[in-house]
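Accompanying notes for the structure given below.
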Amino acid sequence: MNIAGQDRREVLDEPWSRGRQGCVKIVMMTIRLKILWRGVGIAALIVIYCLFNPLKAGFFPRCPFNVLTGLYCPGCGSQRAFHALLHGRVLQAAGYNLLAVLLLPFVLYSAIAFAGNHLWRLGLRQDVFYKPWFAKAVLGLVVAFWVLRNLPVPCFRWMAP
């Protein structure tokens with residue numbers, strides 16, 4: 001079957017027929033589009049959390065773990081903490097969710113390094129995030145935070161949101 005003088009199969013396979021360079025360009029364009037759309041989504045979330053207080057606005061989701069069990073998960077309070085951080089209230093944010101405040105710099109660096117390395121080839125290192133010891137340390141920290149904030153002991157009550 002001819003489409004404008006070419007075989008239909010050639011038209012469909014054209015980007016891949018350019019060899020490795022054609023494949024790399026397509027993959028890089030796909031990654032760049034994903035980064036762009038994620039950036040747009042993050043910007044929209046920042047605007048929403050900046051304009052609306054999760055304590056007062058009724059459209060923010062509640063924690064399903066907290067609703068079902070009455071216990072706090074490691075993420076409970078992170079919406080309020082993010083809102084407080086956007087308004088420059090770091091201590092209040094730490095009171096809502098200390099773990100989220102402590103891990104936010106790592107998440108931000110990882111996101112910026114990923115986007116910078118793929119968009120502008122900055123060469124920022126992310127090796128530590130892929131080390132087994134780092135994953136185990138973060139997992140241990142999250143589990144310890146989860147358990148301690150739910151203990152009915154007065155010295156850990158400050159961890160609850």
Exercise. Do we have any residue at all in region 125-134 that's under 30 Å from Leu51 (Cβ atoms) and not assigned by TED's automatic domain parsing to the domain that holds Lys34?
Worked result: no
For this session: Check region 114-126 and report whether any residue there is charged (D, E, K, R) and on the phi > 0 side of the Ramachandran plot.
Result: yes
Exercise. Given the structure, is Ile46 in a helix (DSSP H, G or I), at pLDDT 95 or above, among the β-branched types (Val, Ile, Thr) and surrounded by 11 or more Cβ atoms within 10 Å (Cβ to Cβ)?
Worked result: yes
Exercise. For Leu68, are the conditions met, namely being farther than 30 Å from Ala113 by Cβ and at pLDDT 95 or above?
Worked result: yes
Seminar exercise, completed: region 83-158: helices (runs of 4 or more DSSP H) wholly inside it with 2 or more residues that are touching a Pro at 6+ places or on another chain (Cβ under 6 Å), surrounded by 14 or more Cβ atoms within 10 Å (Cβ to Cβ) and of a type in the set (A, V, I, L, M, F, W, C) are 132-148
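Here is a yes/no grid of residues against (1) aromatic (Phe, Trp, Tyr); (2) at pLDDT below 95; (3) farther than 21 Å from Val107 by Cα:
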| site | (1), (2), (3) |
| --- | --- |
| Gln6 | no, yes, yes |
| Val11 | no, yes, yes |
| Leu33 | no, yes, no |
| Leu36 | no, yes, no |
| Gly39 | no, yes, no |
| Cys50 | no, no, no |
| Arg62 | no, yes, yes |
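The values are calculated or read from the model by the stated rules, or taken from the named source; none is laboratory data. What you are looking at is a predicted structure, and each value in this text was computed from that prediction instead of being measured. No Cβ is skipped: glycine too gets one built from the backbone with ideal geometry, and neighbour counts run over all protein chains shown.
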